[in-house]
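A short write-up of the structure that comes next.
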Amino acid sequence: MAQATNRTETGGRGLINLRMSPEDKSVIDRAAKSAGKTRTEFMLDAARQAAHETLLDTTLILTDGTTFSRFKDMFDAPPAPPEGLRRLMSLKAPWEP
């Protein structure tokens, strides 16, 4: 993910204030320190990652009915077992005659 290396907003317009418990602040500070980041860098990275994940989870894909039906059939079908698993399951157990 792209990291913001310089601040582009000044004069308080880019300022975000957060209220948190001392316990939350402590755990964030410990995690930031272990990652070699400042609290701001750590929190910005975490917020950016969560934002990207949220946006990816809400991506809309439009398709025609035929393609959607094919996709749905493939999605709903049970996965085919890999060849190695099929071979393994066809072997007799060592204790079987």
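All of the numbers you see were taken from the coordinates with simple rules; none came from a lab. Since we're looking at a predicted model, the values are computed, not measured. Using ideal geometry, Cβ is built from the backbone for each residue, glycine included, and neighbour counts are taken over all protein chains shown.
For the reader, a short list of remarks on this structure follows.
- About the Cα centre, charge dipole magnitude for the chain (Lys/Arg +1, Asp/Glu -1 at Cβ), debye: 360
- Residue (of 69, 52, 28) at the positive-pole extreme of region 22-75, dipole from beta-carbon charges: 28
- Rounded if a/c under 1.5, otherwise prolate or oblate - the chain, Cα gyration tensor axes: oblate
- Computed over neighbours whose Cβ is under 15 Å from that of residue 22, the net charge equals +1, Lys and Arg +1, Asp and Glu -1.
- Charged side chains reduced to their Cβ positions (Lys and Arg at +1, Asp and Glu at -1) give region 22-75 a dipole of some 200 debye around its Cα centre.
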